[in-house]
Amino acid sequence: MSNMTIKTEEDIRRLIESDEWMMRVLHAAEVLNLPDWWIGAGFLRNKVWNSIEGDDSHSNSDIDLVYFDSKNISPETDWSYDEKMKRDFPNIDWEIRNQARMHYVNNFKPFNSTAEGISNWVETATCTAVKLENGKLKFLFCHGIDDLVNLVARPTKRFQTAELINTFNNRIQKKDWQKKWPHLKVELS
């Protein structure tokens with residue numbers, strides 16, 4: 001895999017559309033017909049960063065499928081979706097989570113949409129998502145695409161606080177991001 005220049009949403013669109021595995025995952029998610037669904041985090045971020053670095057050895061078999069349903073916030077519902085998708089796609093580690101209840105993880109106020117939930121994830125480049133809508137890719141870039149396409153790991157404003165900055169720092173170290181993506185720049189603001 002050679003290094004790719006990725007600077008625009010259209011570049012990202014072509015990158016995803018050319019990946020048969022990613023498109024299969026997106027089609028499978030679409031069939032679930034969950035309200036306000038997106039696949040986010042490493043699914044999109046890792047693909048872009050791998051392509052920029054020219055190294056696709058850091059594959060992503062974790063799928064973070066998120067949706068918003070304020071009428072059913074039972075974690076058991078999410079777990080049943082996890083199990084169904086793991087049965088249908090055994091080599092993929094699906095994690096399906098309703099953003100209507102995920103605010104509790106960091107003691108935030110309840111979210112009003114999937115986009116609001118995603119925008120409160122730890123890093124700006126992780127606050128990205130993609131889905132299929134009427135057969136076409138649709139993207140969500142909660143904090144723009146600059147950090148994503150420039151290999152920057154930066155905490156979202158919420159995680160720049162003294163209380164939560166360690167969450168950001170620990171994730172960078174635990175996930176070995178600077179080893180996986182040697183040109184990654186870690187910036188705190």
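The values are calculated or read from the model by the stated rules, or taken from the named source; none is laboratory data. None of the values given here were measured: they were computed from a predicted structure. Every residue, glycine as well, gets a Cβ built from its backbone with ideal geometry; the counts of neighbours run over all protein chains shown.
Annotations for the structure displayed:
- Within region 1-14, the residues that satisfy the criterion of being within 19 Å of CYS142 (Cβ to Cβ) and touching a helix residue (DSSP H, G or I) at 6+ places or on another chain (Cβ under 9 Å) are ILE6, LYS7, THR8, ASP11, ILE12.
Results for (1) outside any helix (DSSP H, G or I); (2) in contact (Cβ under 8 Å) with a residue 12 or more places away in the chain; (3) closer than 24 Å to ILE172 by Cβ; (4) in contact with a Phe, Trp or Tyr (Cβ under 6 Å, 6 or more places away or on another chain), shown as yes or no for each residue.
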residue: PRO35; (1), (2), (3), (4): yes, yes, no, yes
residue: LEU44; (1), (2), (3), (4): no, yes, yes, no
residue: ASN50; (1), (2), (3), (4): no, yes, yes, no
residue: ASP56; (1), (2), (3), (4): yes, yes, yes, no
residue: VAL66; (1), (2), (3), (4): yes, yes, yes, yes
residue: ASP69; (1), (2), (3), (4): yes, yes, no, no
residue: HIS103; (1), (2), (3), (4): no, yes, yes, yes
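- Matching residues, region 26-61, being hydroxyl-bearing (Ser, Thr, Tyr) and surrounded by 19 or more Cβ atoms within 10 Å (Cβ to Cβ): SER51
- Residue match in region 62-75 (condition: hydrophobic (A, V, I, L, M, F, W, C), over 12 Å from the mean Cα position of the chain (by Cα), buried (at least 18 other Cβ atoms within 10 Å of the Cβ) and closer than 15 Å to GLU30 by Cα): yes
- Of all residues in region 148-181, exactly one satisfies the criterion of being modelled with pLDDT under 90, surrounded by 14 or more Cβ atoms within 10 Å (Cβ to Cβ) and out of contact with any helix residue (DSSP H, G or I) (no Cβ under 7 Å at 6 or more places or on another chain), namely ARG158.
- Scanning region 177-189 for residues that are under 15 Å from ASP55 (Cα atoms) and charged (D, E, K, R) gives LYS179, LYS180.
- Qualifying residue in region 88-95 (condition: more than 23 Å from ASN150 (Cα to Cα), touching a helix residue (DSSP H, G or I) at 6+ places or on another chain (Cβ under 6 Å) and of a type in the set (Val, Ile, Thr)): no
- ILE73 in contact with a strand residue (DSSP E or B) (Cβ under 7 Å, 6 or more places away or on another chain) and assigned to a loop (DSSP other than H, G, I, E, B): yes
- Filtered by the rule that a residue be of a type outside the set (Asp, Glu) and either surrounded by 14 or more Cβ atoms within 10 Å (Cβ to Cβ) or in contact with a Leu (Cβ under 6 Å, 6 or more places away or on another chain) (or both), region 87-105 gives PHE89, ILE92, TRP94, ILE96, ARG97, ASN98, GLN99, ALA100, ARG101, MET102, HIS103.
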